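Please read the structure below before turning to the comments.
The values are calculated or read from the model by the stated rules, or taken from the named source; none is laboratory data. Quick caveat, the model's predicted, so the values are computed rather than measured. Using ideal geometry, Cβ is built from the backbone for each residue, glycine included, and neighbour counts are taken over all protein chains shown.
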Amino acid sequence: MQILWIAGMIVCFNQVAFSQDPVFSQFYNAPLQLNPAFAGNTNGPSFHLNYRNQWPALGNIYTTTAISYSQFFRKINSGFGGSILVDNAGDGTLKTSRFALNYSYRLKVNQKSYIKGGIETTLGNISLDWDRFIFGDAIDPRLGSVSPGGLPFPSAETRPLQNSINYFGVSSGILYSHPDYYFGVTLRNLNTPDISFLSQQGRNNNDGYLPLFFSLHGGYKFTIRERNKFREDAFIMPNVLIAGQSGFRQVNFGSIFAMNKLLLGVWYRLTGSNADAVIGSVGVRKDFLRISYSFDYTTSALSIRQGGSHEVGISLNFDYLYPEKVNYNDCFNIFR
């Protein structure tokens with residue numbers, strides 16, 4: 001028997017399919033997912049790999065994987081990047097895949113500050129495995145969803161005409177950076193692409209479109225020790241992320257501490273007016289490699305019994321391949 005959350009999630013599926021953009025707890029390890037203007041955050045090639053497993057006690061029903069590349073080209077003062085993201089809901093019952101290309105341009109404000117603007121174009125696909133859904137009218141109070149003969153009970157829900165949707169999306173972002181602080185704004189799905197599995201005749205005019213996603217993010221770096229050729233820099237950096245899409249709101253705030261090869265972080269997440277999770281992270285950094293693990297301890301009514309959320313982030317920064325000295329003069333250390 002499929003897990004019953006599917007029936008609840010799809011109770012309105014005969015009206016429209018809704019989708020939301022995933023947000024990683026380790027947003028600092030997924031810069032292109034946070035803001036297109038982060039394209040070209042390093043002079044050398046940089047790669048980021050992210051994996052998130054939410055509520056594993058329910059059977060790995062929510063997993064998100066992303067990989068990205070970006071690099072800055074000083075001769076044209078521009079950054080380029082690309083990413084692939086795959087989001088699975090219901091162990092593949094509802095699957096979103098998207099491929100994105102990013103471009104950014106950097107403007108110098110003064111000797112210490114820069115503004116970067118970025119744009120992202122996305123080709124996406126949302127697919128639905130309809131045969132795995134279980135609806136309320138197909139559940140017998142005594143027998144469940146399967147008859148004594150081993151066949152699933154039928155449902156009156158109407159199967160959509162198509163189980164796979166392709167869409168094109170446009171997003172943009174802007175970043176202001178200073179050696180001590182940064183802040184940015186992201187707007188995704190500017191063209192609100194149509195992602196409904198139903199025809200226009202089968203839904204309301206405003207239904208079936210991927211809603212506009214926005215995020216505000218910023219941080220301040222308290223430097224404890226500057227980096228030199230013998231050791232990494234040391235700092236404490238509080239950060240805040242405010243994200244919203246349709247009726248959903250999320251706020252992450254906390255701080256990351258870096259000393260030598262060690263990275264430690266503590267965060268708190270609110271969804272709407274509800275306390276959602278306490279997030280702890282630990283990581284190591286060495287030369288071009290950084291690996292971090294984080295755990296979301298659920299504090300909402302869902303409780304920790306569902307297994308919280310596990311997340312792994314890997315960053316590869318190949319600045320060392322370039323002989324010239326790299327001096328970024330910003331506070332984007334945690335994003336590299």
TODO: Determine if the range 204-219 includes at least one residue that is loosely packed, with under 15 Cβ neighbours inside 10 Å, touching a residue at least 40 places away in the same chain (Cβ under 8 Å) and within 30 Å of Gly124 (Cα to Cα).
DONE: yes
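Give the residues of the range 50-85 that are small (Gly, Ala, Ser), in contact (Cβ under 8 Å) with a residue 60 or more places away in the chain and buried (at least 16 other Cβ atoms within 10 Å of the Cβ), sorted by residue number.
First, the residues of the range 50-85 that are small (Gly, Ala, Ser): 57, 59, 66, 68, 70, 78-79, 81-83.
Keeping just the survivors that are in contact (Cβ under 8 Å) with a residue 60 or more places away in the chain gives 57.
Matches in the range 50-85: none.
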TODO: For residues that are under 20 Å from Met237 (Cβ atoms) and of a type in the set (S, T, N, Q), tally how many sit in the range 264-308.
DONE: 3
- [ ] Give the number of residues within the range 160-189 that are assigned to a loop (DSSP other than H, G, I, E, B) and within 20 Å of Thr96 (Cβ to Cβ).
- [x] 5
TODO: Would you check which residues across the range 280-318 are among the aliphatic types (A, V, I, L, M) and either in contact with a Gly (Cβ under 7 Å, 6 or more places away or on another chain) or modelled with pLDDT under 90 (or both) and list them?
DONE: Ile291, Ala301, Leu302, Ile304
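Being under 26 Å from Ser97 (Cβ atoms) and not basic (Lys, Arg) is the filter here, so list the residues in the range 127-159 that pass it. Talk me through it step by step, then tell me what you get.
Within the range 127-159, the first condition is being under 26 Å from Ser97 (Cβ atoms), and the residues that meet it are 127-135, 157-159.
Answer for the range 127-159, where residues must be under 26 Å from Ser97 (Cβ atoms) and not basic (Lys, Arg): Ser127, Leu128, Asp129, Trp130, Asp131, Phe133, Ile134, Phe135, Glu157, Thr158.
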- [ ] Sort through Ser246, Ser303, Ser273 and tell me the only one that's within 30 Å of Leu101 (Cβ to Cβ) and of a type in the set (Gly, Ala, Ser).
- [x] Ser246
